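Contents: one structure, followed by commentary.
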C-alpha cells in the first residue's frame, strides 16, 4: 500500500515539490489506481516474454554523415534564462 | 464547403483561392470558437503568407501540391518551427520549437496550411480535454459536455466545421475517443506508419499521430501525406505507402468482421450497444460476414496501459526542467528549486499524478511487479489480436462505452476516467491501426462512435470498411447545433 511517505519519496525522485496538502490529495487516488492495476497478478506470465516495443526492429542504424545542427541561437531561443550564449541557472558551487 | 474533398474541389477549380480558404477558416474560428474554445492560438499572418505563396504558384502555372490551400488544425503537441507549442501546459509556455515535425514538413510540401493550434489534455494525458492549463473545450453537440480527449480541440474544431481536418495524437485512444464523442472520423495509424519526429512524447512506444476529418474519404486523401518512413524517427516503418484512396472503391462483399464478445459488457451504455448492433446488421446485409471472436485479455488492458504509459511518461517528462525551454518558476533560488518548483507549478494535477505513478512502477523493488509484469501482459494482449486476425479481416467494436460525459464529471476521479478508455487502449498496446466513425446518436442527441480495427499496416482495410459504412449511412454528415446552418460558400475577397 502506498503511503504519504512513499509519495513524498517518489515526488523527490521526480523533482516535484509537494507539500503536506498536496500529499493528502495525491495519496488516495494513487492507492486506488495501484489497487486496480494489481489485477494483473491474476495472470500467470512466467512463460511470457515482455513486449517493450511492437515493431520487429532491432538496432536501427544509419550512415554516419555530418549534417547541419541547430545553431546556438536556435538552441537557446526558448530558454527562460540565458547569458552569453549559455543556459543560465542559479550557482551550484559555493 | 465542409469536407476536405469539397474544400479541395473549390480550391482546384479556382472557386476559392488559398487566401480565401484561410480567411474562411479564420472567420469560422472567430464565429464559432468562442462557444467551444477548441483553439489555443492562431497565426493569421503566417497562414496567409503561405496561402499567398500557393496562389502565386498556381497563377504562375506551377503545381502547388495535391492539398494546396487546405486549412488544417494542429494539436498543440506537434512542433511547427517558431510557433509556440505548449501541449496545453504552463511548463511549455514560451516554447517555440526550432524545427518542424516531419508531418508538418510533409503537409506543407503537399500545400496544406496549418492555421490553428488546437486544445488538448495537458501533455495528451486525459480523456476529456478538461485537463488543459488554458481552456476547457466544449462538445459542439452539447456545450455542457466534454469533447473527449486528449485530442478534444481537434475533434471539436472539425465537428463544428471550423476546419475541414486536423491532426491529433493517439496514445490510448486520444484520436478515436474524441472523434466518437464529437461525431467525426478519426484514424490512429499503425505504430510506425507515421513519423513521430516533432511529436512531443508522452509514451513513446504507444504514441502515434493521425488525422481527424468528417469522412473516411477525407482521411484517405490526407493519409498519403502523413505516412512513410522518416530517417529522423528510427521507429518509423520502412514499408511502402499504399495508394490509400484506392480502398474507397472496394465494397464489403467477402469481408470477415470479428465482433469481440468481451467488448459487450456491463457498463456499456444501452444506446451505444444498440447503435453498434445495428451497424453489424447493416454490415451483414451488405455482404460482410460478421462472426463472434474472443480477445480474452481485454479486461487487463487498462491496467497494463496505465503502467506502461505512466512509466514512459515519467521518463519522457523528465526533460522539463525549467532550464532548456519553456517556463521557469520565478522564485527559484537554487538549482534544485528550479527543477522542483518549476515542475510543481508548471505541471497540472493529472500530469503530476502520472509522473508519480510512473516513477513508482519503475522504482527499485517495484519494477518487476508492475512494469515488467505489464510488458508481459502486453504480449498476451498483442497475441489476442494476432490470433483474431488469423480468421477475420477487421474487428468492429464500440469506440467508447458511453457518449460524452458532463464537463468536470471525472476530473476528481482519475480511475473512472481511465476506465472510459477500455475499448481503445488495447489497440495502442498491440500497435495496430484503429478508425472511429460515427454510427448513431443517443436519445440525448449525442454522437456514438464505431471502432474498426485491422492488422498492422492494413489501413486499407479500415478505409474500405469505414467508407462502405459511410456510403450506407449519413451520421457523419449531420451538423451539431453550434453550426446548424451550413457554411456553404467560401468567403471571397475582391
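Of the residues making up the range B:19-35, just one is over 14 Å from residue B:164 (Cα atoms) and touching a strand residue (DSSP E or B) at 6+ places or on another chain (Cβ under 8 Å), namely B:33. If the condition is being touching a residue at least 60 places away in the same chain (Cβ under 8 Å) and facing chain A (nearest Cβ under 8 Å), then the range B:323-348 contributes B:325, B:326, B:327, B:343, B:347. In the range B:405-438, the qualifying residues are those that are in a loop (DSSP other than H, G, I, E, B) and surrounded by 22 or more Cβ atoms within 10 Å (Cβ to Cβ), and the one that is nearest to the other protein chains (Cβ to nearest Cβ) is B:431. Looking only at residues of the range B:290-316 that are surrounded by fewer than 24 Cβ atoms within 10 Å (Cβ to Cβ) and under 20 Å from residue A:12 (Cβ atoms), we find that the one that is farthest from the other protein chains (Cβ to nearest Cβ) is B:316.
Please indicate, with yes or no, whether at least one residue in the range B:71-87 is under 22 Å from residue B:6 (Cα atoms) and over 18 Å from the mean Cα position of the chain (by Cα). No, there is no match, as no residue in the range B:71-87 is under 22 Å from residue B:6 (Cα atoms) and over 18 Å from the mean Cα position of the chain (by Cα).
Only a single criterion out of (1) within 12 Å of chain A (Cβ to nearest Cβ); (2) within 18 Å of residue B:261 (Cα to Cα); (3) crowded, with 23+ Cβ neighbours inside 10 Å is not satisfied by residue B:454, namely (1). All conditions but one from (1) at pLDDT 95 or above; (2) in contact with a helix residue (DSSP H, G or I) (Cβ under 7 Å, 6 or more places away or on another chain) apply to residue A:79; the one that does not is (2). In the set A:74, A:52, only one residue is within 30 Å of residue B:194 (Cα to Cα) and under 23 Å from the mean Cα position of the chain (by Cα); that residue is A:52.
The values are calculated or read from the model by the stated rules, or taken from the named source; none is laboratory data. Quick caveat: nothing in here was measured; it's all calculated off a predicted structure. So basically every Cβ, Gly included, is an ideal-geometry build from the backbone, and we count neighbours across all protein chains shown.
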